[in-house]
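The values are calculated or read from the model by the stated rules, or taken from the named source; none is laboratory data. For clarity, every value in this text was computed on a predicted model and none was experimentally measured. Heads up, the Cβs are rebuilt from the backbone with ideal geometry, glycines too, and the neighbour counts pull from every protein chain shown.
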2 protein chains.
Amino acid sequence: MTITLDDTHAADLKSWLASANDPATEFPIQNLPFGRFRREEDSGLCIGVAIGDQILDLRRVGLVQGGQMNQLMRLPREARLAIRQAISQGLREGSPEQAKFRAALVAQSEVEMGLPCDIGDYTDFYTSIHHATTVGKQFRPDNPLLPNYKWVPVGYHGRSSSIHVSGQSFPRPLGQTKAPDADIPTLGPCRRLDYELEIGIFISRPNIIGERIPMSAAEDHVFGMALFNDWSARDIQGWEYQPLGPFLSKNFASTLSPWIVTMDALAPFRKAFSRPAGDPQPLPYLDSPQNREAGAIDIELEVWLQTPAMAQAGSAGERLMRSNYADAYWTVAQLVAHHTVNGCNLRAGDLFGSGTLSGPEPDQGGSLLELSSGGKQPIRLANGETRTFLEDGDTVILRGYCQREGFRRIGFGECRGTVLPAR
Amino acid sequence: MTITLDDTHAADLKSWLASANDPATEFPIQNLPFGRFRREEDSGLCIGVAIGDQILDLRRVGLVQGGQMNQLMRLPREARLAIRQAISQGLREGSPEQAKFRAALVAQSEVEMGLPCDIGDYTDFYTSIHHATTVGKQFRPDNPLLPNYKWVPVGYHGRSSSIHVSGQSFPRPLGQTKAPDADIPTLGPCRRLDYELEIGIFISRPNIIGERIPMSAAEDHVFGMALFNDWSARDIQGWEYQPLGPFLSKNFASTLSPWIVTMDALAPFRKAFSRPAGDPQPLPYLDSPQNREAGAIDIELEVWLQTPAMAQAGSAGERLMRSNYADAYWTVAQLVAHHTVNGCNLRAGDLFGSGTLSGPEPDQGGSLLELSSGGKQPIRLANGETRTFLEDGDTVILRGYCQREGFRRIGFGECRGTVLPAR
């Protein structure tokens, strides 16, 4: 793992495109996240890079051939860095290529965004010890954390087909549930529908079956990150999940933000990673000097809720919580090294979910399950409404950004999804 | 669900190809399973149908355009039946198209088989109550079956990337395990490596997010079946799987047989499906008259083991057990209806695993975990060797076939995989 800071990260770098220099933009020239978009006239998805309120069509500046994002993602890190450098150069103030690059811009407001890549396999982890502890307490008050938690980056496989891009809406799922005092289960609409605030991590270079990826090479196999909402039906999960884990409680919908912020864009926001005093050190295959030095990433995260009443009143919603990805108990490199230690092969475009990213404080729960103490303490919204779990018409918006003294602030864009009534 | 028997199933139907009429062939003209193969000169995979010891190249007889099996799989059932009829007609004794079809044959011995289709998502179920009970007893002697078992077709998501075709070999996986008396876990080669005898079920027509597939339409969304070995690392699973289910214990390798036997080919082998006396009836969304009448499928299954010593002695291996798919507690239609009841979308080429198919008798365990009572009672092989779990160099072969008075016997071909030493 090598964290490279080059001139693409310089805080004083400016673009000839005014909207990229707006202090409020999430997409200044220091960010350059990748996504796929479709103009009205396009037959398929095109690869673009967000810049200010525009998108740079990479095919029109000759930086990619077709719309195959997964092929771009699997390039070696040097080639990806060269593309980042070329985009940065072309968008800079004074670039001799300004005319060519300007002709390749399309307004973000004029296109439809697609999923940023074709997702092969999706693995969801459980990297927030604060989430694992708070949720564990609801089931096992005296023993919230299971014995493996501090040794194994716990993960499980999720479903790719139902992952859609921001803007997704989906009907409230039906499912089997059984009340504790009932003799038999019944089928009905989920009554404990929840969101989960996660980071989505995209795989870059593949490995072949049987080939482990060591900690030292792990981040070369990661392309970048997006925001991810792993919608969850808590009541369905409670009845179905023994002994093989969550299934229909998770696979009815998951929502991704459209832009992949690359590991290279995130380079200035790396932080030292350490275990709390008294916790065991990771086993050697999950440890490295680089990981201790800079394994964590400082990403501020927020969950917003817009109820139908708020939308009607013209409100964009209310912030429910904030947390930071640097509080995760396992780093990205550790997830890659663990996932492949058994020889499992990863492919370009595969997605890891971080698991719900709760912070250490009670008001930092990354789900309503946590914020409402399992539905026992409704949260009170500023407009007088209350919520234990999500109601029909509710829209959940995830936001994320990185800021650090001496560097330009960069953002992730929105991850937005809406619950429709059950069919 | 409509089970159609037509002239393609007639027992006296013969082909102009002699090897298809060999009583020992698994691929008589009544079978016609689909797969993908590659001749030395082919740049990609081609779609073919197994007939006797040959493969009919479907492109060369004009029945498909390219090599996109998933496009063929998603055709409506009527279109799939028409293709089956056309293949059957062309291969029959006296066919006017004999010359054209003969020119499209290639010997099975001369090609390399690929995975039969591109697998999007893979879901593994747990449909054998005998397996669930036997394994449950090892952990909970007084309460082997969890309370949800007879209500929920328990399933979980697996990994697609490591599913390879018959002939796969893979190194023994490494993983974390913790001995009961140890303070901390260690990383090392799996010591309890096992196979699982399963049926793989392939999805045909897709549904869109939010759209349930009812029992009455469920089998129109199924293309066919193959044999499936869901290799399992029991010791890794024991330490990692709480609370979210199996992960690295399963995703290092899974092996599929190369031929998909279609639901149409299986039509003569359907059986009534019923619950044992005293068991609860399925909830209405998992029940239908057709399912009770013909929901089960009579497929004889076998597991064979070939140790390195057997291979050296020229032995093809020893049969370890036999079971029958009709003993499963949940039918294919029930798996489809349950998987989509929450609105989850299935795609053509998605794979379901049946879960380990053990029979009701102790010698019918579909895994070594069962046959060796959790490793406590080694099984004794005819050549004097013993096994609790798999050793390096062991080859596991799954076989399956259908037979019924008045119909031609059809087979699935082999599902073969070999354990290599840990790297």
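Observations, loosely collected:
- Within the range B:161-175, the residues that satisfy the criterion of being surrounded by fewer than 24 Cβ atoms within 10 Å (Cβ to Cβ) and more than 15 Å from B:Gly393 (Cα to Cα) are B:Ser161, B:Ile163, B:His164, B:Val165, B:Ser166, B:Leu174.
- Checked against the criterion of being small (Gly, Ala, Ser), within 13 Å of chain B (Cβ to nearest Cβ) and part of a loop (DSSP other than H, G, I, E, B), the range A:128-136 has no qualifying residue.
- Criterion: among the β-branched types (Val, Ile, Thr) and over 21 Å from B:Val222 (Cβ atoms) - qualifying residue of B:Thr4, B:Thr25: B:Thr25
- In the condition set (1) more than 30 Å from A:Arg38 (Cβ to Cβ); (2) of a type in the set (Ser, Thr, Tyr); (3) surrounded by fewer than 20 Cβ atoms within 10 Å (Cβ to Cβ), A:Tyr126 is compliant with all but (3).
- Residues of the range B:137-168 satisfying the condition of being in contact (Cβ under 8 Å) with a residue 12 or more places away in the chain, within 9 Å of another protein chain (Cβ to nearest Cβ) and outside any loop (DSSP other than H, G, I, E, B): B:Gly155, B:Tyr156, B:His157, B:Gly158, B:His164, B:Gln168
- Every test in (1) of a type outside the set (Phe, Trp, Tyr); (2) touching a helix residue (DSSP H, G or I) at 6+ places or on another chain (Cβ under 9 Å); (3) at pLDDT below 95 is passed by B:Arg191 save one, and that test is (3).
- Checking the stated criteria, B:Gly114 turns out to be at negative phi, in contact (Cβ under 8 Å) with a residue 60 or more places away in the chain and surrounded by fewer than 24 Cβ atoms within 10 Å (Cβ to Cβ).
- Out of A:Gln242, A:Gln290, sole residue that is more than 24 Å from A:Arg387 (Cα to Cα), within 12 Å of another protein chain (Cβ to nearest Cβ) and surrounded by fewer than 21 Cβ atoms within 10 Å (Cβ to Cβ): A:Gln242
- Verdict on B:Lys250 being within 14 Å of another protein chain (Cβ to nearest Cβ), charged (D, E, K, R) and under 29 Å from B:Pro33 (Cβ atoms): yes
- Residue identified as surrounded by fewer than 22 Cβ atoms within 10 Å (Cβ to Cβ), within 14 Å of chain A (Cβ to nearest Cβ) and free of Cβ contacts under 8 Å to residues at least 40 places away in the same chain among B:Pro180, B:Pro214: B:Pro180
- Residue check, A:Glu361 of a type outside the set (Val, Ile, Thr), assigned by TED's automatic domain parsing to the domain that holds A:Thr307 and without any contact (Cβ under 8 Å) to a residue 12 or more places away in the chain: yes
- Annotation for the range B:185-201: no member residue is within 23 Å of B:Leu72 (Cα to Cα), surrounded by fewer than 17 Cβ atoms within 10 Å (Cβ to Cβ), hydrophobic (A, V, I, L, M, F, W, C) and within 11 Å of another protein chain (Cβ to nearest Cβ).
- Among (1) away from chain B (no Cβ under 14 Å); (2) of a type outside the set (A, V, I, L, M, F, W, C); (3) crowded, with 21+ Cβ neighbours inside 10 Å - the single one A:Pro276 does not satisfy: (3)
- The condition (being closer than 30 Å to B:Val49 by Cα, crowded, with 21+ Cβ neighbours inside 10 Å and of a type outside the set (A, V, I, L, M)) is satisfied by just one residue among B:Ser254, B:Ser249, B:Ser232: B:Ser254.
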